[in-house]
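Q: Have a look at this one before I ask anything.
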Number of protein chains: 4
Amino acid sequence: SDVGRLLIQCADQPGLVAAVSDFLYRQNANITHLDQHSTDPQDGVFFQRTVFHLDGLAARWEDLEAAFASEVAARFPDMRWRFSATAKRRRVAIMVSKLDHCLLDLIWRSRRDELPIDIVMVIGNHPDLADTVRPFGVPFVHVPVTKETKAEAEARHLELLRGNVDLVVLARYMQIVSGDFLERVGVPTINIHHSFLPAFIGAGPYEKARSRGVKLVGATAHYVTEDLDEGPIIEQDVVRVSHQDSVEDLARRGADVERTVLSRAVRWHCEDRVARHGNTTVVFS
Amino acid sequence: SDVGRLLIQCADQPGLVAAVSDFLYRQNANITHLDQHSTDPQDGVFFQRTVFHLDGLAARWEDLEAAFASEVAARFPDMRWRFSATAKRRRVAIMVSKLDHCLLDLIWRSRRDELPIDIVMVIGNHPDLADTVRPFGVPFVHVPVTKETKAEAEARHLELLRGNVDLVVLARYMQIVSGDFLERVGVPTINIHHSFLPAFIGAGPYEKARSRGVKLVGATAHYVTEDLDEGPIIEQDVVRVSHQDSVEDLARRGADVERTVLSRAVRWHCEDRVARHGNTTVVFS
Amino acid sequence: SDVGRLLIQCADQPGLVAAVSDFLYRQNANITHLDQHSTDPQDGVFFQRTVFHLDGLAARWEDLEAAFASEVAARFPDMRWRFSATAKRRRVAIMVSKLDHCLLDLIWRSRRDELPIDIVMVIGNHPDLADTVRPFGVPFVHVPVTKETKAEAEARHLELLRGNVDLVVLARYMQIVSGDFLERVGVPTINIHHSFLPAFIGAGPYEKARSRGVKLVGATAHYVTEDLDEGPIIEQDVVRVSHQDSVEDLARRGADVERTVLSRAVRWHCEDRVARHGNTTVVFS
Amino acid sequence: SDVGRLLIQCADQPGLVAAVSDFLYRQNANITHLDQHSTDPQDGVFFQRTVFHLDGLAARWEDLEAAFASEVAARFPDMRWRFSATAKRRRVAIMVSKLDHCLLDLIWRSRRDELPIDIVMVIGNHPDLADTVRPFGVPFVHVPVTKETKAEAEARHLELLRGNVDLVVLARYMQIVSGDFLERVGVPTINIHHSFLPAFIGAGPYEKARSRGVKLVGATAHYVTEDLDEGPIIEQDVVRVSHQDSVEDLARRGADVERTVLSRAVRWHCEDRVARHGNTTVVFS
């Protein structure tokens, strides 16, 4: 609990790294990891993720933030910055339909402490996965969605989610969420799309992949934006397929990639490794 | 030179494997490798690639073909079949613009006997690669192409190619070839596209990849058809990229995938491993 | 249930494919997939896996086997052959210690019908995983093993396993099994080793990997023989690691590869895709 | 030419990042990339690679180094540090035997400016590759090596290399170099081993791989030390193989991995991305 992270984003200019590292040094913090990226040698955007060790950190967050605001951030007016406790697990809600592989993988990794998350609820537009979820002690809420009840359902979603979670994950949730929902939910939303975007946007990617005769199928985890399948990509991967594979085979092979890619994306997000830059991401290793 | 291949394609029906293997047995041939694929359990299309050893094969092609026609093919009227000599190297023409990596890889692998091909000519719409090609003893022909002279240029291409080659390879040839050309050239044409199709169809895929923020870039080797970037895919692969990579970096990383993918596709084609089925391919390993 | 498989292994000689395919044709079976491999062009060992469709197969196994024995196998005295019902799920026992990832993956894939197996029991030398297993309705048997009680424990294992299972899977079972056990259990035993064999044989491969500074870690599924970590390899894969990864990180990354590799190996084995040839395997795709 | 790099290695302690970044800021340099790694949260070894932009850098190296020595390095007595000009190409000698694939790949990438190196000579213990090398304008020196003449040959090597090159690359040079040579040559030496070390140490790795029946073959680029095949690993990769592959097929598939792995290692070394830490490496991306 003595380990913290500091995330920074602002217009690039000389002195940024010095200002931050000097500040941490004066606070008696030891930098144990630092990643920095500028989008351009000149006039780019500057991103920095700093991991530091500071004795008694748990009791000092408020002082630290106040000091940083006045001593550093004040000098760089456009700076967006955030301290974050490494020890703090993120509260995550998962939205599902009928497929269980991504959901189970997240639950399973959370239990193994492979993901620094607490899954605080699962919301399904179908009741099918209730029995899968409840043995793990995770509440399952069934919120049916039809064309007619969509607005109502989203209102129910917001009621459940707002203020209660740090992240929403769409784990093969086969519904489009509205821009209004995304804005009002107030936390990032990550989706797993079952293709190597931007190939096979929209419904039925494995059917399309089979019909096009591709030799690899993939999966893409991305932040959800109003434009379907167009949000900033966090992670992608692929697996080899062949002419022998039916659509069902592609779905089976793809399922392994989907869950791997989604769990990586959730992990990186929750470790503060992902920064958004326009419609792309900076992912610090 | 005692090793041959037999390729077969027809409507699936019982007795096909028996008919072919029985025929080869009666000819005293020993089957050393057999691959078979049916597109569906019922009413599918049947593909078979058979490699066999037969003493004195070189002198017996004509008899073998005549016997197969009357004893086997006559029983399956829709059968398309072809015998092929393993020892015979394919005559290949390569068409290029200014980029040398795919071209050099093919030349280099051909010299190392990694590809069963003789590169009989290189045609460039720019003169840039003449000096790269000629030290290898391969003729380079410069055929400039402009919007106005395109028809003329294709006529010149056909003059050079027709009857002289078994395969045309577009090795980053940055021109669209016409349907008329493809029909009249009379041999298959393979293209390498610098993206993981169907993502980033058309020009500038690395620019598009950078702008979309993908985490993998790829390459696709496919048979050329009239529909640009829509022909049957032979092989694809990808390589991991990151936010640190500029468009130039993507192009550099992608170049390695392009040449690998193209050389695999050429190899498999020339080893008779690739069968076309509609707009997809069957690739026997 | 009308689909069957025929597996054959014998000294290579002309007429083998013809004899088998002709037999199946006369039985009115349609070959839907055929893989064949000879270890050498001359005097090699011949392997063939044939998948066929035959109406009313379920009622005809006995006749089929008798006919094959007299009409085909009698002509090739060294032939080892076996018919196998595609629809029949294999009975599998899993042996574990304290780690759950490989176990859970097999259970989960079995439930999803991704693996054609019924997990009929889990045997643990520690009681830790009992609560993990029982909710799935799978019996868990705790058989403690100490240096002193090893013979006794193996006797108990044999009592549980003999005649009851088609396959034993060691899913990170951290005990060495004796040659006597392997012989008496009478069915194949598959192990997952947490390294890319033959690198890092024996205990502590992730510690060794970290200390050697490798850039990839891997996993190997193999048939168990008396020689520890030396049995015929069925499948291997790797994942990239870096200087940032601690031993725990390597174990975490490796766990994903272990479960993937083990489930592939179990699947291929149960689909009769794997033939043993000396200390290596032929794996038909 | 206004871009430089600063490499640092020392015992970890608070204030290191601040001291360096503050120094660069006072010199009016802008940090464009910074990678930092500590081997342990407590009492580890600290590594930092900093890329900076500084107007008129070319004329200021001497001042910069003197200032850094007195203002920073003096405060951290065990610090090893080095400034390096991004624009400066490294002088590289390549040692070969008869195989050309790694050599050609390095030459080809150097010509394409994919590698920031000038290949100043190629030394072969066989004359075979002279004709391959000379068309590229690179001197080829034939230095035969026999058991009897080894000492003599190494003396000749040192005569050619000492003071003339920044790096020696053994590109499938099938000879063991002595500890004495390594010490006296005074620059790092990188070797490509044709296996996934530590699997298949020593001669004939593809033969061993075939005999062990592995499902992947690999290659390893490492710094050469006195202990054969035991030096710090820079990069590794693998490619899938199958029971169909003969030893020659493994060598062919492996050749592609060898050249890819070696060129990455050379590139990373020449971009100052690789730091040695005991018998392992830190590789900054």
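The values are calculated or read from the model by the stated rules, or taken from the named source; none is laboratory data. The shown structure was predicted, so the numbers you read here are calculated from the model rather than taken from an experiment. Using ideal geometry, Cβ is built from the backbone for each residue, glycine included, and neighbour counts are taken over all protein chains shown.
Q: How about segment A:3-64: which strands (runs of 3 or more DSSP E) wholly inside it have at least 2 residues that are more than 10 Å from every other protein chain (Cβ to nearest Cβ) and in contact (Cβ under 8 Å) with a residue 24 or more places away in the chain?
A: Per the criteria, A:3-11, A:45-53.
Q: Based on what the data block shows, is residue C:55 of a type in the set (D, E, K, R) and closer than 25 Å to residue B:28 by Cβ?
A: no
Q: Right, another one. I'd like to check something: does segment A:107-115 contain any residue that is within 20 Å of residue C:102 (Cβ to Cβ), touching a strand residue (DSSP E or B) at 6+ places or on another chain (Cβ under 8 Å) and outside any strand (DSSP E or B)?
A: Yes, there is a match, as at least one residue in segment A:107-115 is within 20 Å of residue C:102 (Cβ to Cβ), touching a strand residue (DSSP E or B) at 6+ places or on another chain (Cβ under 8 Å) and outside any strand (DSSP E or B).
Q: Yes or no: segment D:87-101 includes at least one residue that is in a helix (DSSP H, G or I) and either modelled with pLDDT under 95 or touching a Lys or Arg at 6+ places or on another chain (Cβ under 8 Å) (or both). It would help to see each step written out before you state the result.
A: The initial filter retains those residues of segment D:87-101 that are in a helix (DSSP H, G or I), namely D:101.
Pick out the ones that are also either modelled with pLDDT under 95 or touching a Lys or Arg at 6+ places or on another chain (Cβ under 8 Å) (or both) and you get D:101.
Yes; the residues of segment D:87-101 include at least one that is in a helix (DSSP H, G or I) and either modelled with pLDDT under 95 or touching a Lys or Arg at 6+ places or on another chain (Cβ under 8 Å) (or both).
Q: What pairs come out if I take residues in segment C:195-211 that are over 22 Å from residue D:217 (Cβ atoms) and pair them with residues that are hydroxyl-bearing (Ser, Thr, Tyr) and surrounded by fewer than 21 Cβ atoms within 10 Å (Cβ to Cβ) whose C-beta lies under 9 Å away, six or more apart or interchain?
A: C:210/C:246; C:210/D:280; C:211/D:280
Q: Suppose we keep only residues that are of a type outside the set (Val, Ile, Thr) and in contact with a helix residue (DSSP H, G or I) (Cβ under 7 Å, 6 or more places away or on another chain) within segment B:11-23. Which one would you say is farthest from residue C:35 (Cα to Cα)?
A: B:23
Q: From C:35, C:55, C:22, C:63, which residue is surrounded by fewer than 21 Cβ atoms within 10 Å (Cβ to Cβ) and under 23 Å from residue C:274 (Cα atoms)?
A: So the residue among C:35, C:55, C:22, C:63 that is surrounded by fewer than 21 Cβ atoms within 10 Å (Cβ to Cβ) and under 23 Å from residue C:274 (Cα atoms) is C:35.
Q: When segment A:274-285 is examined, which residues are found to be surrounded by fewer than 20 Cβ atoms within 10 Å (Cβ to Cβ) and within 19 Å of residue A:115 (Cβ to Cβ)?
A: A:285
Q: Also, quick follow-up: Can we say residue B:169 is under 30 Å from residue D:107 (Cα atoms) and touching a His at 6+ places or on another chain (Cβ under 7 Å)? It would help to see each step written out before you state the result.
A: Details: under 30 Å from residue D:107 (Cα atoms): yes; touching a His at 6+ places or on another chain (Cβ under 7 Å): no.
No, not satisfied.
Q: Name every residue in segment A:70-94 that is under 12 Å from residue A:6 (Cβ atoms) and among the hydrophobic types (A, V, I, L, M, F, W, C), in order of residue number.
A: Those that are under 12 Å from residue A:6 (Cβ atoms) and among the hydrophobic types (A, V, I, L, M, F, W, C): A:72, A:73, A:79, A:81, A:83, A:85.
Q: With the structure loaded, tell me whether residue D:263 is closer than 25 Å to residue D:108 by Cα, touching a residue at least 24 places away in the same chain (Cβ under 8 Å), among the polar types (S, T, N, Q) and in a helix (DSSP H, G or I) or whether it fails that test.
A: Yes.
Q: In the set A:196, A:181, which member is buried (at least 21 other Cβ atoms within 10 Å of the Cβ) and touching a Gly at 6+ places or on another chain (Cβ under 6 Å)?
A: Criteria check complete, one pass: A:196.
Q: Taking the condition surrounded by fewer than 21 Cβ atoms within 10 Å (Cβ to Cβ), out of contact with any Phe, Trp or Tyr (no Cβ under 8 Å at 6 or more places or on another chain), not assigned by TED's automatic domain parsing to the domain that holds residue C:58 and not hydroxyl-bearing (Ser, Thr, Tyr), does residue C:105 pass?
A: It is false that residue C:105 is surrounded by fewer than 21 Cβ atoms within 10 Å (Cβ to Cβ), out of contact with any Phe, Trp or Tyr (no Cβ under 8 Å at 6 or more places or on another chain), not assigned by TED's automatic domain parsing to the domain that holds residue C:58 and not hydroxyl-bearing (Ser, Thr, Tyr).
Q: Suppose the filter is surrounded by fewer than 23 Cβ atoms within 10 Å (Cβ to Cβ), β-branched (Val, Ile, Thr) and touching a Cys at 6+ places or on another chain (Cβ under 9 Å); does residue A:45 pass it?
A: Yes, satisfied.
Q: Select from segment D:230-260 the residues that are crowded, with 18+ Cβ neighbours inside 10 Å, within 14 Å of chain C (Cβ to nearest Cβ) and part of a helix (DSSP H, G or I) and list them in ascending order.
A: If the condition is that a residue be crowded, with 18+ Cβ neighbours inside 10 Å, within 14 Å of chain C (Cβ to nearest Cβ) and part of a helix (DSSP H, G or I), then D:250, D:257, D:260 are the ones that fit.
Q: Of the residues A:49, A:5, A:80, which single one is in contact with a Ser or Thr (Cβ under 8 Å, 6 or more places away or on another chain) and basic (Lys, Arg)?
A: Selected residue: A:5, the only one of A:49, A:5, A:80 that is in contact with a Ser or Thr (Cβ under 8 Å, 6 or more places away or on another chain) and basic (Lys, Arg).
Q: Which pairs do you get when a residue that is free of Cβ contacts under 8 Å to residues at least 12 places away in the same chain and more than 30 Å from residue C:179 (Cβ to Cβ), found in segment C:227-252, comes within reach of a residue that is surrounded by 15 or more Cβ atoms within 10 Å (Cβ to Cβ) and not hydrophobic (A, V, I, L, M, F, W, C), reach meaning Cβ atoms under 7 angstrom, with the pair 6+ apart or on two chains?
A: Within 7 Å, the pairs are C:244/D:37; C:252/A:114.
Q: A follow-up question, please. Would you mention how many residues in segment D:65-84 are within 18 Å of residue D:27 (Cα to Cα), without any contact (Cβ under 8 Å) to a residue 12 or more places away in the chain and either assigned to a loop (DSSP other than H, G, I, E, B) or touching a Phe, Trp or Tyr at 6+ places or on another chain (Cβ under 9 Å) (or both)?
A: Total satisfying the criteria: 2.
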